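Worksheet: the structure to be examined is printed underneath.
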Amino acid sequence: MLDDPDRRRDRQPVLIVLHQERSSPGRVGQMLIEKGFPLDIRRPVLGDRLPSTLEAHAGAVVFGGPMSANDPDPFVRTETDWLAVPLKENKPYLGICLGAQMLVRHLGGKVEAEPEGRVEIGWYPIHPTEHGRLLMRNWPKMVYHFHREGFDLPQGCQLLAEGDVYRNQAIRYGDNAWGLQFHAELTRAMMQRWVVHGAHRFIMPNAQQGRDHLEGRMIFDGPLKAWLSEFLHLVFVKSRHFA
């Protein structure tokens with residue numbers, strides 16, 4: 001078993017950071033609740049404050065959004081600087097897409113587009129590294145992306161999985177900080193919304209058409225969902241042993 005229900009009663013909430021009014025933590029939120037973690041959802045872009053300490057939290061997840069980690073908006077800089085809190089306190093931190101790029105920026109790395117302007121919008125393969133295989137055996141072969149920038153590998157980070165266009169797909173920094181370039185959190189309803197509202201991006205180099213997003217989900221989503229549950233256990237349950 002991945003979890004022990006008897007240990008769930010005293011679990012602190014996980015801080016959830018979203019970047020749009022209607023954004024959802026999707027399956028990450030659902031799975032954390034199933035593992036016994038309440039959610040503390042905040043949207044700094046709408047004025048919510050981030051805590052000065054994570055003493056009352058089990059960790060944090062910062063999700064993606066349409067903005068760039070390079071944007072000059074004050075909330076982007078504030079969030080990026082705030083990552084000093086989980087890093088200093090050695091609390092579990094998971095950054096997804098924008099959240100991973102903020103982590104990289106915080107650590108002194110670069111976030112930028114691929115030199116030929118190619119994007120990853122749709123389903124693309126990833127390849128676990130030796131570090132990744134030692135952590136988890138059952139990596140998915142295909143994962144879902146929706147981004148036009150990637151990140152380099154800051155000093156001190158381990159590369160856990162690679163891609164063919166954007167190399168750095170999953171990283172780890174220290175014991176408890178993690179970054180994913182891809183999206184495992186999407187429910188079917190979320191993907192449907194992304195395909196509708198993001199259709200104007202499908203003309204970008206290397207982007208897949210909307211039908212391929214939904215057809216790919218029927219083929220590739222099962223292994224991705226199973227991997228996500230195991231990965232969240234690694235980040236938020238096993239991490240308790242590091243505290």
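Any residue in segment 13-29 that is closer than 11 Å to PRO44 by Cα sitting within a Cβ distance under 9 Å of a residue that is surrounded by 19 or more Cβ atoms within 10 Å (Cβ to Cβ) and of a type in the set (S, T, N, Q)? List the pairs, counting only those 6 or more apart or interchain.
Short answer, once both residue conditions are applied: LEU18/SER24.
Collect the residues in segment 151-180 that are of a type in the set (Gly, Ala, Ser) and either in contact (Cβ under 8 Å) with a residue 40 or more places away in the chain or open to solvent by 20 Å² or more (accessible area, probe 1.4 Å) (or both), keeping them in residue-number order.
GLY156, GLY163, ALA170, GLY174, ALA177, GLY179
Being surrounded by fewer than 19 Cβ atoms within 10 Å (Cβ to Cβ) and either under 18 Å from GLU79 (Cα atoms) or modelled with pLDDT of 95 or more (or both) is the filter here; which residues of segment 16-34 pass it?
GLN20, GLU21, SER23, GLN30, ILE33, GLU34
Answer yes or no: is there a residue in segment 109-116 that is of a type in the set (Asp, Glu), in contact with a His (Cβ under 8 Å, 6 or more places away or on another chain) and over 30 Å from GLU55 (Cα atoms).
No, the conditions are met nowhere in segment 109-116.
Can you pull out the strands (runs of 3 or more DSSP E) entirely within segment 142-197 that have at least 1 residues that are modelled with pLDDT of 95 or more and either touching a His at 6+ places or on another chain (Cβ under 9 Å) or of a type in the set (Lys, Arg) (or both)?
Once the strands (runs of 3 or more DSSP E) in segment 142-197 are filtered for at least 1 residues that are modelled with pLDDT of 95 or more and either touching a His at 6+ places or on another chain (Cβ under 9 Å) or of a type in the set (Lys, Arg) (or both), what remains is 142-147, 157-163, 168-173.
So if I check each of PRO74, PRO86, which one is modelled with pLDDT of 95 or more, on the phi < 0 side of the Ramachandran plot and out of contact with any helix residue (DSSP H, G or I) (no Cβ under 9 Å at 6 or more places or on another chain)?
Only one candidate qualifies: PRO86.
Hey, any hits in segment 209-228 for a residue that's open to solvent by less than 50 Å² (accessible area, probe 1.4 Å), within 29 Å of GLY109 (Cβ to Cβ), in contact with a helix residue (DSSP H, G or I) (Cβ under 6 Å, 6 or more places away or on another chain) and among the small types (Gly, Ala, Ser)?
no
If you go through segment 150-158 one residue at a time, do you hit one that is of a type outside the set (A, V, I, L, M, F, W, C), closer than 28 Å to LYS88 by Cα and within 14 Å of the chain's Cα centre (by Cα)?
yes
Going by the structure shown, is ARG49 within 25 Å of GLY150 (Cβ to Cβ) and open to solvent by 10 Å² or more (accessible area, probe 1.4 Å)?
The answer is no for ARG49.
The values are calculated or read from the model by the stated rules, or taken from the named source; none is laboratory data. Please read these numbers as outputs of a predicted model, since none were measured by experiment. FYI the Cβ positions are ideal-geometry reconstructions off the backbone, even for glycines, and counts take in every protein chain you see. With ligands, DNA and RNA removed, areas are computed over all heavy atoms of the protein, side chains included. Shrake-Rupley method; radii C 1.70, N 1.55, O 1.52, S 1.80 Å.
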